[in-house]
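What follows is a single structure, written as structure tokens, with notes after it.
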Amino acid sequence: MGSVQRAMRLLEAVAEHEHGAPAKQLARETGLALPTAYHLLRTLVFEGYLRRDKGLFFLGEAAERLGSSGARQKRRSTVVDTLADWRDAIGAPVYYAMYRDGEIEVVCVSDTPGIPAVEEWADFRETGHAHAIGQCLLAQLDEEARRDHLDRHPVQSITPYTVRDSHSLLRRLERMRRMDPVTERQEYALGTVCAAIPITVGTTAATMAISLPAHQADRLPAATQQLQHAVGRLLGSLAISISI
């Protein structure tokens, strides 16, 4: 345990020096005997947590990977907490999804036993034409990307309310204004209505969405507006979390 603690102190000391630091300085700053510092520094270099260049020590690739992973986890935690706050305020499950690498990806869902999310009874990735999340993401793509997606995931009837063919869907998507909410009623799941808010950051298409039981459909416009205002207030902080 003592060796681990001393190694961590050395890593923290190196991290404080953007332009590197020599062993003697690091030993002095951490209060370690020089031979002990040398031994631990060599071990950290061997394991990839540090690198040595012209007598100076810098953070290595292994340490940078840890930092990157930690930053991603922190961003994800921020999004999870935000969705939970919105879920409780709106009284509906909240979804966060992205269009990434040519596919629809539902990144995070916040629900509770009393406010359950829609059951994914048909793969969300393959049925984007039938739910608000998918339609919202497809509406943010250019025509070529939309057609490519539909070539790989053809339109099919999911419920009696699902759009019938790709031509009808493409016409619907073309009529959508870029930043307007997208709503669908029982197109993916009978007994459920949904709405999705578009979020575009650079070339990344993303969306926040909610769902409600069909018997609460009259709540959908107000709940959607509430989500839209919430997203607008936090768009800056959401943008830095867009790649979780």
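Observations on the structure shown:
- Where labels lie 7 Å past Cα in the beta-carbon direction, separation of D218 and D123 in nm: 4.0
- Accessible area ranking (1.4 Å probe, heavy atoms, ligands and nucleic acids excluded), largest first, for I115, I133: I115, I133.
- Taking only the C-alpha atoms of the chain, the Rg (one decimal) and the largest Cα-Cα distance, Dmax (whole number), read 24.8, 76 Å.
- Cα Rg, Dmax, the stretch 81-157, angstrom units: 13.8, 41
- Cut-off 15 Å between beta-carbons: net charge of the residues surrounding R9, Lys and Arg +1, Asp and Glu -1: -1
- Taking every C-alpha pair closer than 8 Å and separated by at least 6 residues, the mean separation divided by the residue count of the stretch 121-244 gives a relative contact order of 23 percent.
- Residue of V155, V106, V14 that the Gaussian network model of the chain assigns the largest fluctuation, springs spanning Cα pairs under 10 Å: V14
- Counting only alpha carbon atoms, the long axis of helix 61-90 and the longest principal axis of the chain meet at about 40°.
- P(r) of the stretch 167-208 over all Cα-Cα pairs, binned every 10 Å from zero, in whole percent: 25, 48, 26, 2
- Separation in nanometres of the label points that stand 7 Å from Cα toward Cβ, at E64 and R164: 5.7
- Estimated at the nearest 10 Å², the accessible area of T207 is 0 Å² with a 1.4 Å probe.
- Counting only the Cα atoms, the stretch 149-237 fills a convex hull of 111 Å³ per residue.
- The charge dipole of the stretch 77-151, taken about its Cα centre with unit charges on the Cβ atoms of Lys, Arg (+1), Asp and Glu (-1) only, comes to about 220 debye.
The values are calculated or read from the model by the stated rules, or taken from the named source; none is laboratory data. Note that the structure is predicted; figures quoted are calculated from it, not measured. Heads up, the Cβs are rebuilt from the backbone with ideal geometry, glycines too, and the neighbour counts pull from every protein chain shown. Each accessible area value is taken on the protein alone, full model and side chains, heavy atoms only, with ligands, DNA and RNA left out. Shrake-Rupley method; radii C 1.70, N 1.55, O 1.52, S 1.80 Å.
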